[in-house]
Structure formats: C-alpha cells, structure tokens
Amino acid sequence: MHSLFEDTKLGLRRLGKNPGFAAVAVLTLALGIGANTAMFSVVHSVLLKPLPYPASDRLVSVSAASFPKFTQISEQTQTLENLAAYYSFDVSLATSREPESIRGVHVSPDFFRTLGVRVACGRSFLPEEQQPGGPNVAILSDGFWHSHFAADRGILAKTLTLDGTSVTVVGVLPADFDFPFAFPVPEVWLPRVFEHPLLKSVQVQMGAGYLDVIGRLAPGVTMAETQAELDTINERYRQQFSTFADANKDTLAVTPLEESLVAGLRASLLVLLAAVALVLLIACANVANLLLARATAREKEMALRKALGASRMRLVRQLLSESLLLAILGGALGVAIAAAMMPWLRSTSPGRLPRVAEARIDPAVLLFSLLLCALSAVLFGLAPAIGAAKRQLHESLKEGVRGSTGGRGRLRALLVVAEMAAALVLIAGAGLLMESFAHLLRVHLGFSPQGIMTFPLTLPASRYAQPERQTEFYRQLLERVRAVREIEATGLVSFLPLSGGYRLSYFCFQGQVCRGLGKDPLVAFWQVTPGYFETMRWLAAKWLASLPT
C-alpha cells in the first residue's frame, strides 16, 4: 500500500510537470469514457434493468386479442397464474377552465394483481365494477394526483367528469409505479375493457383485436408450455366461431413482457454501444501514442533507475500507475460529461425509446465507468510500460539514443494502423447512415407537409352518441377554423397519414351477392371531410393517372 501511495505521488508530480500532455490525454479519455458511460446508462435502463414489478421474469405478453378470445383464454388457461387485458385511449377531463385531454387506460379485473402492484391510497377495482352497467370508478396515477389535486387524500370518493360522465375516484397508484407499455403516460385507470369508444358492440362481439394482453406464468411453467396451450385454445376458438373464420385466423404468440417492449430496439442500441466502444478504443490508441512519444524522452530516466537497482516489474508498476491515474482523471471528467448529457437523453420521447426517463448515473453505471477506466489504463499503458522495461541499459545510455526507433517505432505504427481501422469503421457507418437519411428526405410522401398543423380530437360518447350531433359538431368546428384569417385550408381525417391507423370494413362489389358478416373480403379505409385533400395537397390525380387501365 505504501509503494502504491508513493507511485501515485510520483505520477502526480510527473503529470504536473507536463500539464499540456496531461490535459490532452485526460480530455481524450474523458470524451471516450463519457460517451460510453452515457450510452451504457441508456442501455442499462432500457435493456438490462428488469421491469419494476415483482418476479417480472414471469410476466409475458400475448399478441393482441379480441375480447371474446381474451375471455376464452382466461377461462381455459392452466399455465398462466394471472391474465389481464388493457387498451389505452384519450379522454377529456372537464375542469373549471377548459377541457383537458389526458391519457386513460381501461383494464380487466386482474390487471394490477397480474403486475403485482397494490394501490398506495384507497382500493383497487371490485368485481361488480367490471360488469356492464357497473359503477363508474377510476384509479389515478400518482403524478396526476399531485399535479391536479396537490396530493390531497380527500380525493377519494370525489368525482371527476371524464368524457361527460361522472367517475368516482377510488384509489391512487404508488409513486414508483411505471407502465411504459402505454404512451403518453397514463393518468387515469378505468375498468371494463369491453367498452371501447371507437367500436360498436357488434364489432367487439365479432372479434375486433384491440386488446393488449399480459399474463404471469404459473410457478414451474415454461414459455414453450404456455405457447402450446395458447395454440390449442386458439384452435378451439376458431372452431367455435367458424362463422367468422376470416376475422379470427390470427395466431396467439407469447413473448416475455420485457422483450415485447424492447425487441425492436435491442439491435440498434447494441450497435450504438459498439460504436462508442470504438470511439474509446481510438482514444486509447491516441493516448498510447502520446505515452510512447513521452517514453522516448524518459529513456535515460528509466535507464538510471535501472542502474540504481530498480527492477523491471517496479518500472512497469510505476508506468502503469501513471496510466491508471490518467484513466481515473479522464473517467471522473467523463462521468461528469455523461451526467451533463443525461437531461438531454431523458428528453427523448418515451414513445420512441421506452424507459429512457429512468436513465441515471447510478451505482451500476459508476461501476461500469470504473471498469472502463481500469481497462483503458491497461490498453494504453501496458505496451509503453513493457517497452520501457525491456529496453537494454547500455542502449538507453548511448549518446543519441533518442533518435532510435526499433521495436517502439513498429509498435507506434501498429497503434496508428489500429486507430485508422477503427476510425474507418466509424466513418463508413456514419456515411451509410447519412446516405440512408438523405434517401429518406428524398422520399415523396404524396402530399406536402410544409405549413400543416395537426391536433387530435376525440368526442365524448356520453354527449355525442348520435351521428347527427357528431356531424353538427364537426361542421361548426370546420366553419370556425376556416374563419381564421391565417388558415388557408382545413379538413378532418380519421387517422393521420403515416400514423399506421386505419379502419376495416367488409365489402362486396355491386351486383354480387354478399356472403355475410365475416365471409366477405376486408378493405382498409380512412374517413375525410371536404377540404382534406386540398389541405394536405395530395397528388392523388397524378397517382390515378399513372395506374394501368
């Protein structure tokens, strides 16, 4: 321990005598370690950290299902200890000022039990509240409770007006409860998943697949056993609803719940982590070259220390301690850089990168940074240290030895080649990304997005249940918007372009005999108002002209 302390003091003195060298080396390492620390914090929160639920490794996701299919799974499953379904939607909250659009989630009876979550205040949903015509109740998120009611515990048994319907608050979720599977962040939780504001009862009964399903594996049950059971249940469902075979031909796939959240992101995040690892390798190669150049000026010092009795291991340890000191200083500055980047990283939309808001410089990230410092010190410090220790005493003391190259020159050349190779990989990857981005910018969308402003709109079913009232509302809305001087054109559409949303309907051609519900072909459609195509400046006429006759 005493010798380590002496090596550290000597290393600090050496760095103090060469502040320019120390500053360049520390800053180079700080950029590499900082980028790796920041990227690892994201990978850790998104990919490595388990979901914030008890025994989350037993939670699974089942592919989107209809309400009848979900009911059948609930009744027949033996491999799932708990099963729950949910769907999210926008709901209008009546306030003393203007209505506010918030995110709501309808859940099935066992939803919170399946996740292993208990309410922090009040109670969960009761069985009678899940039945048709049951009491209208709600559970609030902790954030919504604080932002709208100042954490007032008297909120229980009070009512909110959601979509024109009075809803009684019966509970508040814990502050640490997070549900990254719905975006935006849900603020109100409601029972009765069979009540969908955009679906008619006949569509629900036919098997419209609008539910997301989660389950908890029974103890000792494997994913393969659950998948086999779901395949059997799905086949029974097809036979039972053979009249609607075309509508119920989807399979039921079971995956780990965490994997269903990050499956599309895993490869991209790991590629980014590999890219910043290459940046650190380049930084280490740069510092190694600096140390090799500096070692040339210290050859006579090393020779004299050998002459005075210092062993090769003692010299290697001294040089490695100086390298470790550089790495620790660079790592400390790198962690500070990563911490400064955290607010920017957390500002990424959770809809694009789930759980990114959890990214922190926590103990796991600090341990990763410490390991990076040690690894970096070995990478850029070992070769110069061994090279200096192997140098022959009589060669180092010769006059003009500083002009010699030999093995050290070959090592520096090898480091330069490795550095250039890693940099070339990064440049090639960046070039491909820029080319892909340029291609995306050149893709013609079929409409002109410049100057277009959009906003979502959902009418409460309690006030606008009749189509006539909905039509009148939209008519008045368009009239008022068109009266604004700055607006050139306006229109309404059921789903925005490129949003992935659409509606389906069975159809048959005029003159043909329709075979019946569930047997005719399906067509996707969007509902628009007059003025929509002019507003979007669609090039539909050119598309139609290019179609073969």
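Restricting the search to helices (runs of 4 or more DSSP H) fully inside the range 1-114 and requiring at least 1 residues that are surrounded by 20 or more Cβ atoms within 10 Å (Cβ to Cβ) and in the same structural domain as residue 368 (by TED's automatic domain parsing) gives 19-43. If we keep just the residues of the range 464-502 that are among the β-branched types (Val, Ile, Thr) and within 21 Å of residue 91 (Cα to Cα), which is surrounded by the most Cβ atoms within 10 Å (Cβ to Cβ)? Out of the qualifying residues, it is 493. Of all the numbered requirements in (1) modelled with pLDDT under 90; (2) under 26 Å from residue 470 (Cα atoms); (3) out of contact with any His (no Cβ under 9 Å at 6 or more places or on another chain), residue 105 misses one, and that requirement is (1). Across the range 465-481, not a single residue is classified as within 26 Å of the chain's Cα centre (by Cα) and in a helix (DSSP H, G or I). The residues of the range 219-262 that are in a loop (DSSP other than H, G, I, E, B), surrounded by fewer than 19 Cβ atoms within 10 Å (Cβ to Cβ) and modelled with pLDDT under 90, listed by number, are 249, 250, 251.
The values are calculated or read from the model by the stated rules, or taken from the named source; none is laboratory data. Just so it is clear, the model here is predicted, and its values are computed rather than measured. Virtual Cβ from ideal backbone geometry, glycine too; neighbours counted across all protein chains shown.
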